[in-house]
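The structure appears below as structure tokens.
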Amino acid sequence: MNTQSLIRRVRLYLLFFIIGLVSAGLTASLIEWEFKIARHLAPLLSTFPVVAKWIEFAGQGWIEVFQQYPFVAHSMDWLAFAHIVIAIAFIGPLKDPVRNKWVIEFGMIACILVLPVAIISGTIHGMPLFRQLMNCLIGLLGFLLLWLCRRNVLQLELLEKK
């Protein structure tokens with residue numbers, strides 16, 4: 001495979017990853033609005049009553065918290081900010097993937113760390129198993145994208161040494 005097609009692949013994987021991070025961040029800021037919509041859609045999930053019940057329960061919790069303690073929403077804004085800042089770090093590998101492969105490796109480590117945090121924290125805080133597994137899936141998908149990216153960066157690195 002030639003250098004240009006490897007660079008194109010790396011950039012495509014990184015763009016998907018960056019878009020995912022930014023999207024996750026933006027949804028954190030809009031969580032109250034999302035739960036209001038989800039609570040209206042919950043009855044459509046009659047096939048998955050556990051999910052519908054969780055959406056209703058969690059949505060009610062967020063709405064009550066935001067009404068009584070609106071400053072708590074500020075923490076969600078910081079979560080969104082953190083996602084966006086981390087996404088910005090991946091601009092380095094977009095520009096020069098080989099020199100900045102450490103950022104990709106850092107991202108892979110962070111994605112793997114999602115798994116124990118999702119399970120341990122989710123269990124401690126009473127999250128249902130399906131929600132913990134969704135968080136794990138997000139971490140695994142991010143890892144897969146970055147692993148594919150790193151694999152191509154290593155090939156690029158070999159081509160550059162020739």
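No value in this document is a laboratory result; all are computed from the given coordinates. As the structure is a prediction and not an experimental result, all values here were calculated from the model. Methodologically, a virtual Cβ is constructed for each residue, glycine included, from the backbone with ideal geometry; neighbour enumeration extends over all protein chains shown.
Specify whether the C-alpha gyration tensor of the range 43-88 places it in the rounded, prolate or oblate class, a ≥ b ≥ c being the square roots of the eigenvalues: rounded for a/c under 1.5, otherwise prolate if a/b is larger than b/c and oblate if not.
Numbers: a/c = 5.11, a/b = 1.57, b/c = 3.26.
Since a/c reaches 1.5 but b/c is at least a/b, the shape of the range 43-88 is classed as oblate.
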Listed residues 60, 132, 68, most fluctuating in the chain (Gaussian network, C-alpha, under 10 Å):
68
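Neighbour counts of other C-beta atoms within 10 Å: give me 111, 149, 136 arranged from fewest to most.
Working: 111 20, 149 25, 136 17.
Ordered from fewest to most neighbouring Cβ atoms within 10 Å, 111, 149, 136 come out as 136, 111, 149.
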Longest principal axis of the chain (C-alpha) makes with the long axis of helix 73-89 (C-alpha) an angle, in degrees to the nearest 10, of 10 degrees
Taking the alpha-carbon centroid of each part, what is the distance from the range 9-87 to the range 92-137 in angstrom?
17 Å
On a straight-distance basis, which lysines could pair with residue 101 in a cross-link, Cα separation under 21 angstrom, same-chain partners fewer than 8 positions away excluded?
161, 162
In whole percent, what relative contact order does the chain give with Cα contacts below 8 Å and a gap of six or more residues?
34 percent
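For the range 109-162, what class follows from the C-alpha gyration tensor (a ≥ b ≥ c being the square roots of its eigenvalues): rounded when a/c is under 1.5, otherwise prolate if a/b is larger than b/c, else oblate? Let's see the in-between values first.
Values: a/c = 8.62, a/b = 3.78, b/c = 2.28.
Prolate.
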